[in-house]
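**Q** I am attaching a structure below and will ask some questions about it afterwards.
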């Protein structure tokens, strides 16, 4: 069984963050271990507060995991502070696994999830990644629409056009490729970005090419959106990662 390390924040509603990542790994038959970076109090519609954990504690989590595990892929989510980014950067220098970096900057509700001063440091961290998976807003914060001289391959999620969800892979060599699937549900789904990047890590760990992994990850997202369930807020739906 392939082993995935998840470095990300905790989402109390279970829809995004570590919780979505763990569910994705389980559904795709991969083992997940975690290093928690932050704690988020939120509904599927809005974030109330974020607590950033001490960088020394994040470092302790990573060092104890490294003592016991050899990972096939690493998925990185919300890091929040420059100090935690430094810890993760130092850790990645010791690892040989493929790295999927979800550069969490802005939530779907518009809540900033990263300090302004940390943007450049996040781009530095991307140099150690196999691929990064920003959404449109995050790509704008990080690159301003300029996808030349990229630190790693970038898959930008999701552009909606004529009833389709289109993700675009911008490669470091300057080429690009679009991946299109039918838009399964027009409602905003909390946790789709976290789930996509974790699925990508799982498929890369299993030996799939980046292009194959992207296609399979989009198929997985479509399947769990179709199985999604309601909340009493009546706004966003919950992704369902359980057995069919």
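**Q** Checking residue 139 against (1) at pLDDT 95 or above; (2) buried (at least 16 other Cβ atoms within 10 Å of the Cβ); (3) over 18 Å from residue 62 (Cα atoms), which test does it fail?
**A** (1)
**Q** Quick one: in the range 96-107, which of the residues that are touching a helix residue (DSSP H, G or I) at 6+ places or on another chain (Cβ under 6 Å) and either in a loop (DSSP other than H, G, I, E, B) or more than 25 Å from residue 203 (Cα to Cα) (or both) is modelled with the lowest pLDDT?
**A** The residue in question is 106.
**Q** What about residue 168, is it modelled with pLDDT of 85 or more and within 30 Å of residue 70 (Cα to Cα)?
**A** Values: modelled with pLDDT of 85 or more: yes; within 30 Å of residue 70 (Cα to Cα): no.
No, not satisfied.
**Q** I'd like the residue in the range 39-59 that is at pLDDT 85 or above and closer than 12 Å to residue 16 by Cα and, out of all such residues, is surrounded by the fewest Cβ atoms within 10 Å (Cβ to Cβ).
**A** The residue in question is 41.
**Q** Same structure again: Residues to consider are 191, 110, 145, 163; find the one that is modelled with pLDDT under 85 and surrounded by 15 or more Cβ atoms within 10 Å (Cβ to Cβ). Reasoning before the result, please.
**A** Details: 110 fails: surrounded by 15 or more Cβ atoms within 10 Å (Cβ to Cβ); 145 fails: surrounded by 15 or more Cβ atoms within 10 Å (Cβ to Cβ); 163 fails: surrounded by 15 or more Cβ atoms within 10 Å (Cβ to Cβ).
Just one listed residue meets the conditions, 191.
The values are calculated or read from the model by the stated rules, or taken from the named source; none is laboratory data. The structure presented is a predicted model; accordingly, all values stated were derived computationally and were not measured. So basically every Cβ, Gly included, is an ideal-geometry build from the backbone, and we count neighbours across all protein chains shown.
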